[in-house]
Amino acid sequence: MTEKEKYEKWRQIAFSMAEEKKNIQEVGVERAKNEFGIKFEKLRLPRIREKK
Amino acid sequence: MNSELNLKNLDYHEFERKNDNEYHFLNDFGVLYQVYFTLGADYFSDVYFRNYIKVFGFRPISSTDFTFDKKTAETIIYILADYLSQDDYIVMYVCDEKDKKQGVRNRLFNRWFKKYNNGSFDKFDLVFEENTFVSSIISKKNPFYIDFKQSFPNLGEEYK
């Protein structure tokens, strides 16, 4: 892949990510899943905080 | 595991998982925050480590005010670092373009990275059309580090 092709690939990724971000920021995670089909990571439960 | 950050030094709010896909925490100003990760694989269909690429984001959900005090910042950093410690993940983010303040947010995240990174992580930044800021955080020990780094263009004069 040439440098120009890499650049163009990243440009497309950046704009797509920005659009996805805009949708999530506007409607939140639950609606973004349903309305835009955005896939979210399943998160683990927070660990219990260790005492200092 | 990748993360070598000393998370015990961070002063963070307790947070909880909601609906499997969100973490929530309440800061000292009474603002409830939502933190999430989306799957980045679809952006990198031709990359063999695509399933390790995630996209990070957060938003206030009880207010429109993005007020950051130190503890709010350290809670977000803790969640991000804890996530990175779980596997060989590469975490990307794009700065929110709301209010046209993406440049301000980019500078804030840069300050956070410099302050909290102990040298074990790298961050790759790209800016497109002076408006869209995208960054990637990866451990220098990540097995995909070299291949990921090589996916970036060498930005010369022709791209400016």
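The values are calculated or read from the model by the stated rules, or taken from the named source; none is laboratory data. Since this is a predicted model, take the numbers as computed values, not measurements. Please note: Cβ atoms are built from the backbone with ideal geometry, for glycine as well, and neighbour counts cover all protein chains shown.
Things worth noting here:
- No other residue among B:TYR12, B:TYR43 is on the phi < 0 side of the Ramachandran plot, facing chain A (nearest Cβ under 9 Å) and not in a helix (DSSP H, G or I) apart from B:TYR12.
- Selection count where residues are more than 7 Å from chain B (Cβ to nearest Cβ) and either among the acidic types (Asp, Glu) or surrounded by 13 or more Cβ atoms within 10 Å (Cβ to Cβ) (or both), scope segment A:1-19: 4
- When B:GLU16 is tested against (1) at pLDDT 95 or above; (2) surrounded by 14 or more Cβ atoms within 10 Å (Cβ to Cβ); (3) among the charged types (D, E, K, R), just one condition goes unmet, and that condition is (2).
- Which listed residue, of A:GLU26, A:GLU35, is modelled with pLDDT under 95, under 20 Å from the mean Cα position of the chain (by Cα) and surrounded by fewer than 16 Cβ atoms within 10 Å (Cβ to Cβ): A:GLU26
- Filter pass, B:TYR33 being among the hydroxyl-bearing types (Ser, Thr, Tyr), over 20 Å from B:GLN102 (Cβ atoms) and either buried (at least 16 other Cβ atoms within 10 Å of the Cβ) or in contact with a strand residue (DSSP E or B) (Cβ under 7 Å, 6 or more places away or on another chain) (or both): no
Rundown of residues vs (1) at pLDDT 95 or above; (2) closer than 19 Å to A:LYS21 by Cα; (3) part of a helix (DSSP H, G or I), yes/no style:
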site	(1), (2), (3)
B:TYR36	yes, yes, no
B:TYR48	yes, no, no
B:ARG59	no, yes, no
B:VAL91	yes, yes, no
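- Residue among B:LYS71, B:LYS141, B:LYS114 that alone is away from chain A (no Cβ under 11 Å), at pLDDT 90 or above and over 27 Å from B:VAL31 (Cα atoms): B:LYS141
- Residue within segment B:72-85 that is surrounded by fewer than 15 Cβ atoms within 10 Å (Cβ to Cβ) and touching a residue at least 40 places away in the same chain (Cβ under 8 Å) present: no
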